[in-house]
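Data block below; observations after.
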Amino acid sequence: MSARDLNNEVRELRARIAALMDEAAANERLLKRSQERELELLKAETIAQLFDAICNGLKTSYALESVTLLLLDPQHEIRHLLIAEHVDTASIPNVLFADSLVGMAPQFNAFHKPWLGPYMGCDHQLLFPRGESIRSVALIPLRRQDRL
């Protein structure tokens, strides 16, 4: 192998190392941001504070235009907990409560994986009622015991 070939190989290896270092730094920043979010969630002393940490925390941490948390609450259990804490659901506008998903978005019943796509008013206006100028939407189903 010639000196020129060795120099080229060294240059390529240095470039790969630099790229890996950049990727590691980006992963470290992401980990730190995720840990900060987790700590904020753990600091919540009330359900209202938890909802605020979820919605506004995600919005701030990831520079999102809007975050809506849709909770399926057919027996009004979560809403009763909020009433016990003297919290009016109107005071947490980023959290929506639904007795059934059929009225909100019928397609959610078969929703198993995250979805990312363009904002479509006819499909998404109930999820983002505040009318922000949203162009794209990420929908992330949270399942428990194989139910949304």
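The values are calculated or read from the model by the stated rules, or taken from the named source; none is laboratory data. The model shown is predicted, which means the values in this text are computed figures rather than measured ones. Note: ideal-geometry Cβ built from the backbone for every residue, glycine included; neighbour counts use all protein chains shown.
Structure notes:
- Test for GLU85: is it more than 30 Å from CYS122 (Cβ to Cβ), surrounded by 10 or more Cβ atoms within 10 Å (Cβ to Cβ) and assigned by TED's automatic domain parsing to the domain that holds VAL137: yes
- Enumeration of residues in region 29-48 that are surrounded by 13 or more Cβ atoms within 10 Å (Cβ to Cβ) and small (Gly, Ala, Ser): ALA44, ALA48
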